[in-house]
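Note sheet for the following structure.
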Amino acid sequence: MKTPQQLKEARADRVDALDLIVKGAEAMTRELSDEENQRADEIVAEIEALDEQIERAEKVTAALKASAVAVDHTASVSEEKEITRARRDYSLSKAVREAANSSLSGLEREMSEEAVREFREAGISPSGTLQIPISMMESRATTLSTTTNVTGEVAQGPLQGLVPEALLERIGANRITGVAGDVLLPSLPADATAIKAETTANSSSAMSGVKISPVKMASQIDISQQALALSSGAFDSVVAAQFRRHSGALIDAQFIENVLADEATTLLKRSESAVAAVGGITTANVNNLIGKVGDANGIGNNVFLGSFSSMAEARVTEAVSNSGIGILVGDEIMGYKAYATSQANKDRVTDSEFNLYNEVYNTTATTAISNEADLEPFIFANMADTYVCYWGGADLIIDRFTSAHQGVTRMIMNVYANAKTGHAASAGFFVTAP
């Protein structure tokens, strides 16, 4: 999409060309010839078309900027209407078909050019054939009743559906967009001690930032070319929903791997003997995990994350012997919310060595883990100090060649994102046998 300034420059060139024709005739004290009148009419039509493009480009630019700014900014009614109109008019299926033939046009082309600009400002070189700006992907469906006594839900458009649906964000993690390059996450001093004078040196209260870098996360969908040719708005939403869920799961998995990779947060209980002696959802282990996590920076929206099998174990394991009351009651463990995710699985525990000097109830001093394939992480984390960062919007590769012999178009969506806590004390884990 050309910027308003570029369009205004093009309009000025057209005005100069028209002025040249008129002044040329005036200099010769004659009327315009038929050929000159025809050319003048063409230039006037071009100027009128540019005026419309300038007005539209200015609205789109203002709307996109308004949608991408900080959360405390409220866009005007006209800006919201322009954003809504663009989302309504955008056709994902049309964009996919045209991108496959390298012939993007209209609103879909304008949005792709805007997205490429966003990616470049974020320090990302998109590799796809179609891009969508994140500022067009922010809104979600709202529940309302459109018919008397009937409760329904407004169908979200394809653009909104592309926003990754990460569990982390649903349970309180912070979203960061509009960034460039590596991001230094905010972090309080370890002891939260105020430095009372600007000249006072207090190294123990230094703010140690945690760096977060973009990770390319790819989701793939294969669809028959016949279905793509006959696609509709409903198809757009279904495809977008699959992309949203998968890319959201990849972000959750990245966060879990980041927690496990940080040796400062490593809290393991294991024995060299049976796998059953590893971790375990017990009252002692859970309480020690709570006690190990959190200093001045760890206070906030703390939650438990574990696998479905871990949550099932917590539900049937009694908090007190013969009490009949499980460690997990309702959706809480020890007063903290607990969430199950399929991403907290044994594939995440891949390192054969951990720093076991901070172990919980370790009975044997060792760093070797020979049974990591039989372990699952059980995490306690502060969502108030957890950040999900996005670099740009959606970067789609439309591949109609690889599986062309099967009549299939391959769609791959790349999202450049990452998720971490701002401070090591804001997350911890132990491993448990599934």
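Selection of first residues in segment 17-33 that are farther than 18 Å from residue 45 by Cα and open to solvent by 50 Å² or more (accessible area, probe 1.4 Å) and of second residues that are β-branched (Val, Ile, Thr) and modelled with pLDDT of 85 or more, restricted to Cβ pairs under 9 Å at least 6 apart or on distinct chains, gives an empty result.
Answer yes if at least one residue in segment 22-42 is within 24 Å of the chain's Cα centre (by Cα), assigned to a helix (DSSP H, G or I) and at pLDDT below 85, and no otherwise.
Taking segment 22-42 and keeping what is within 24 Å of the chain's Cα centre (by Cα), we get none.
Within segment 22-42, not a single residue is within 24 Å of the chain's Cα centre (by Cα), assigned to a helix (DSSP H, G or I) and at pLDDT below 85.
Screening 11, 88, 97 for residues that are open to solvent by 90 Å² or more (accessible area, probe 1.4 Å) and either in contact with a helix residue (DSSP H, G or I) (Cβ under 8 Å, 6 or more places away or on another chain) or modelled with pLDDT of 65 or more (or both) leaves exactly one candidate, 88. For segment 386-397, how many residues are part of a strand (DSSP E or B), surrounded by 21 or more Cβ atoms within 10 Å (Cβ to Cβ) and of a type outside the set (Phe, Trp, Tyr)? Residues meeting the conditions: 6.
Residues checked against (1) modelled with pLDDT under 85; (2) open to solvent by less than 70 Å² (accessible area, probe 1.4 Å); (3) closer than 23 Å to residue 399 by Cβ; (4) more than 18 Å from the chain's Cα centre (by Cα):
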| position | (1), (2), (3), (4) |
| --- | --- |
| 127 | yes, yes, yes, no |
| 133 | yes, yes, yes, no |
| 149 | yes, no, no, yes |
| 152 | yes, yes, no, yes |
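Looking only at residues in segment 28-62 that are in contact with a helix residue (DSSP H, G or I) (Cβ under 9 Å, 6 or more places away or on another chain) and of a type in the set (Lys, Arg), the one that is nearest to residue 110 (Cα to Cα) is 56. Just one of the listed residues (306, 330, 298, 294) is at pLDDT 80 or above, open to solvent by less than 60 Å² (accessible area, probe 1.4 Å) and over 17 Å from residue 432 (Cα atoms), namely 330.
Number of residues in segment 297-339 that are more than 24 Å from the chain's Cα centre (by Cα) and assigned to a strand (DSSP E or B) equals 7.
One line per residue, one yes/no per condition, for (1) modelled with pLDDT of 80 or more; (2) surrounded by fewer than 24 Cβ atoms within 10 Å (Cβ to Cβ); (3) in contact with a helix residue (DSSP H, G or I) (Cβ under 9 Å, 6 or more places away or on another chain):
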| position | (1), (2), (3) |
| --- | --- |
| 357 | no, yes, no |
| 361 | no, yes, yes |
| 367 | no, yes, yes |
| 384 | yes, yes, yes |
| 399 | yes, yes, yes |
| 403 | yes, yes, no |
| 415 | yes, no, yes |
| 425 | no, yes, yes |
| 434 | no, yes, yes |
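The values are calculated or read from the model by the stated rules, or taken from the named source; none is laboratory data. Keep in mind the model is a prediction, meaning the values are calculated, not measured. Counting neighbours? That spans all protein chains shown, and the Cβs are built from the backbone with ideal geometry, glycine included. Surface areas here come from the heavy atoms of the whole protein model, side chains and all, with no ligands, DNA or RNA. Shrake-Rupley method; radii C 1.70, N 1.55, O 1.52, S 1.80 Å.
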